[in-house]
Amino acid sequence: MLWDVFCRVIDNFGDVGVCWRLATELGRRGQAVRLWIDDAAALAWMAPAGAPGVQVLDWTEPAPDLPPGQVVIEAFGCTLPPALLARMAGLPTAQAPVWINLEYLSAEAYVARSHGLRSPQFSGPGAGLRKWFYYPGFTPDSGGLLHAGADRSARADAQAWAQARGWGSQADERAVTLFCYPNPALPALLAALADRPTLLRVPPGPVRSQLASLALPPGLRWVETPYLPQADFDRLLAGADLNIVRGEDSFVRAQLCSGQPLLWQAYPQQDDAHLAKLTAFLDRYLAGWPAALSATVRQAFLAFNSDAFGPLRLPDAGRWPDWAAAHGQWRQQLLAQPGLCEQLLRFVTDQQAAASAPKPG
């Protein structure tokens, strides 16, 4: 099948990161993908070699006059070009593309209620079409997560890979990926990490400037890593002892690619509106954990996302193995569920069969 995936780059790299991972996984499964993107600059380092089956096209206005694919995905609620919608609406019902709005990831309860819902279009250039809402998630009643590459790099291999590039930790050091937004809790985080020698590996981003302005506690040092292709970023995460991540794409990768703990900074919103999303995730992530460990990790996540929760604390050194074990169990639980791409292919096949089935009467 031919898939059209539309992506607008809002800020940072999460939108294009998720769309590129989806496109490449579809390509690996024998699908043809046209990725329409309004700013493809990040792909120069994120995917310098491209991917089999994936064609990157500039999303210009007006969009080129091309027939739509059998599947059209608008990522994260971006609005499709009116001319494309009109072409889609002009096709016979049985030939109309499966039109999907791929939503942002959340653990909130509305995901299960809204996943797979149909939205008939009654007006505008797409009148007569149906749009389907597709929600990634952490449970079997959601659309799942993008699994591709989750087992690409074993921990020991990833550590050797980092060592060969000059980013390896010394024998007594803890290796920490630091990839977050500028954060007032960063000094408290650094103080909490100073309980043992720690190497911070810091990808490009504004947190570098914040880090450079701070006096690091004794025992901490940091190295800059460059922009990395997605496969190498996954390796960076797989070889770390703690991954401090942000947004959506790196958040998912830290869960799927690494059996070691993570700390997540959700995309900050006014009035701490992002805390609902964070709390919903923690309620699932920490379910069944030992009570003391759960309480400490919850406070660390909350304090890293809002100054309303006091100074950030981390589990003490003796509890880190328990933290890693609990995270590893969560990771295996996620990997045991059907992945987003697998479920998406099945969903599209079901909609196509329903559209082409003979109608009663």
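The values are calculated or read from the model by the stated rules, or taken from the named source; none is laboratory data. Since we're looking at a predicted model, the values are computed, not measured. Don't worry about glycine lacking a Cβ; one is built from the backbone with ideal geometry, like all the others, and counts go over all protein chains shown. With ligands, DNA and RNA removed, areas are computed over all heavy atoms of the protein, side chains included. Shrake-Rupley method; radii C 1.70, N 1.55, O 1.52, S 1.80 Å.
Things worth noting here:
- The range 305-327, subset in a helix (DSSP H, G or I) and over 21 Å from Gly259 (Cα atoms), residue least open to solvent (accessible area, probe 1.4 Å): Asn305
- Enumeration of residues in the range 280-304 that are open to solvent by 50 Å² or more (accessible area, probe 1.4 Å) and not basic (Lys, Arg): Asp283, Ala287, Gly288, Pro290, Ala291, Ala292, Ala295
- Failed criterion for Glu108 (all others in (1) open to solvent by 60 Å² or more (accessible area, probe 1.4 Å); (2) among the charged types (D, E, K, R); (3) more than 20 Å from Ala148 (Cα to Cα) hold): (1)
- Gln163 being open to solvent by 30 Å² or more (accessible area, probe 1.4 Å), without any contact (Cβ under 8 Å) to a residue 24 or more places away in the chain and either closer than 21 Å to Ser258 by Cβ or not in a loop (DSSP other than H, G, I, E, B) (or both): yes
- Residues being small (Gly, Ala, Ser) and either closer than 15 Å to Trp330 by Cα or in a helix (DSSP H, G or I) (or both) - total across the range 258-281: 4
- Members of the range 29-40 that are open to solvent by 40 Å² or more (accessible area, probe 1.4 Å) and more than 19 Å from the chain's Cα centre (by Cα): Arg29, Gly30, Ala32, Asp38
- Look at (1) among the hydroxyl-bearing types (Ser, Thr, Tyr); (2) crowded, with 21+ Cβ neighbours inside 10 Å; (3) in contact (Cβ under 8 Å) with a residue 40 or more places away in the chain and you find that Tyr181 fails only one, number (2).
- Residues of the range 343-361 satisfying the condition of being open to solvent by 60 Å² or more (accessible area, probe 1.4 Å), in a loop (DSSP other than H, G, I, E, B) and of a type outside the set (Lys, Arg): Pro358, Pro360, Gly361
- Within the range 135-160, being surrounded by fewer than 21 Cβ atoms within 10 Å (Cβ to Cβ) and in contact with a His (Cβ under 8 Å, 6 or more places away or on another chain) holds for one residue alone: Asp141.
- The residues of the range 333-342 include none that are part of a helix (DSSP H, G or I), open to solvent by 30 Å² or more (accessible area, probe 1.4 Å) and within 14 Å of His115 (Cβ to Cβ).
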